[in-house]
Amino acid sequence: MRVTSAKFYKEYAGTVQDLKSKYNRSLMQVSSGKRYEKAADSPLDYYAGKKIDNLYNDAQTKESMIKDVNNRLQQQEAASRSIHTEMGNINTKLVTLLNAPQEGLKSTIDTYSSELRMRQQNMANDMNMQYENFYVLGGNDATTIPFDMSADGQTLTYHHKFAGDSEATNIRMEYQYNTHKDATTGEVISEGGYTYTLIDKEGNPISGKTEDDAMNELLRAMREQGRMSLGYGNVVNRETLPDTYTGGMNMVTGLSSDALRTMSDSEAKSQIRKNMDTSCFGLNARVIKGVENYSSTFIDSDTGVQADRDLMNADLNYALGEMDDSMVRVSDTFRRIGITTTVLEHVESNLQTQQDSYQQEYTDHMGIPLEEAITKMYSDQFAYNAAMQVGSKIMQNSLFDFVR
């Protein structure tokens, strides 16, 4: 075979290129920490590493989601605790008003009425608490404010956007306060409860829709859940997945979505009505109306009609008798959120452990220790630089010197 300078330079250039390729690969190994870049390098290790990489990414995604869910749960708990505090404040005001001297100024009675209406608004505002752009107690849509309270504290309107709907479903809950005489004693008795109406976005009742239609929509909203696959339970059995959603109506009535799902529709709607009438909103609406009715009977600055005062006191006693149970129902929300939070914190700890395990397993299959990668990089760099320096010397020799 004849040796020519062109053939020699071609072989030399190929060798230099190989050394440069090895050097570039070692540089990539230092930056990526990966021993193999393609399946052909080591098929078994490469695909085992890819599988582990997918598991690691799944665990990392779930962990980041848990942090976000925990933040929303904290906001749900903060809102429910705020409402619970307001209920305690209302309870104190009712006791004070009930035990006040029989004679009082109309301005004093009106002050109590104004404060009770204000606290009614405060509780509605608490149920509109947000986390980022998400209403944590309802609405299911960043643009749909879940709750509105009328200025007189008697009407609570619930706005909820169901999945797939272009507009929110609006349910008006109006407290109806009535009085009647007992057929036997002739005593005037007060009573009250909410009526439910489906309304359009302008606030007008929707033609052809009954109160039962409104209750059906309310029940459908209260049965909604937020079960998520976050590393706990089995996705095949959704009941084992943690429910991360607490609706405002669920909190106020003390009826969880799980509880409502076990009931028949008629039983569930009956329970919602009962619990809503004796909720923080229902009891406060009744007292507000009773206090205002008494205030309207004042003939002068310090004398009201005795019968209306007695009726107001009856409303106060009724509200105080039911308030403890109502507060317990709201506090049940703390328990449910606390259980969910504990589960998620446990799962988060497990996911962090899994990630550490996956990293070690990935390193065993695909990784290259940093010190080994750096040593290899410098070795390849020296070989490449040496080849370049030798090349510059070879270029000065003649073909005769080469074949001699």
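All of the numbers you see were taken from the coordinates with simple rules; none came from a lab. The shown structure was predicted, so the numbers you read here are calculated from the model rather than taken from an experiment. Cβ sites come from the backbone with ideal geometry, for glycine too, and all protein chains shown count toward neighbours.
Quick look at the values:
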| read-out | value |
| --- | --- |
| Subset of the stretch 207-218 that is under 30 Å from the mean Cα position of the chain (by Cα) and surrounded by fewer than 20 Cβ atoms within 10 Å (Cβ to Cβ) - its residue that is farthest from residue 169 (Cα to Cα) | 212 |
| Filtered residues of the stretch 71-103 (kept if under 20 Å from the mean Cα position of the chain (by Cα) and not hydrophobic (A, V, I, L, M, F, W, C)) | 71, 72, 74, 75, 76, 77, 80, 81, 82, 84 |
| Criterion violated by residue 315 - all others in (1) in contact with a Lys or Arg (Cβ under 7 Å, 6 or more places away or on another chain); (2) under 22 Å from residue 223 (Cβ atoms) satisfied | (2) |
| Helices (runs of 4 or more DSSP H) completely within the stretch 248-329 that count 2 or more residues being within 30 Å of residue 100 (Cβ to Cβ) | 265-277, 280-295 |
| Test: residue in the stretch 271-280 that is out of contact with any Phe, Trp or Tyr (no Cβ under 9 Å at 6 or more places or on another chain), among the charged types (D, E, K, R) and in contact (Cβ under 8 Å) with a residue 40 or more places away in the chain | no |
| Qualifying residue in the stretch 163-179 (condition: under 30 Å from residue 65 (Cβ atoms), surrounded by 13 or more Cβ atoms within 10 Å (Cβ to Cβ) and not aromatic (Phe, Trp, Tyr)) | yes |
| Residues (out of contact with any Ser or Thr (no Cβ under 9 Å at 6 or more places or on another chain), farther than 15 Å from residue 113 by Cα and of a type in the set (A, V, I, L, M, F, W, C)) located in the stretch 293-322 | 299, 320 |
| Verdict on residue 116 being under 30 Å from residue 294 (Cα atoms) and touching a Lys or Arg at 6+ places or on another chain (Cβ under 8 Å) | yes |
| Every residue from the stretch 247-288 that is touching a strand residue (DSSP E or B) at 6+ places or on another chain (Cβ under 6 Å) and crowded, with 24+ Cβ neighbours inside 10 Å | 281, 285, 286 |
| Unmet criterion (only one of (1) assigned to a loop (DSSP other than H, G, I, E, B); (2) without any contact (Cβ under 8 Å) to a residue 60 or more places away in the chain) for residue 153 | (2) |
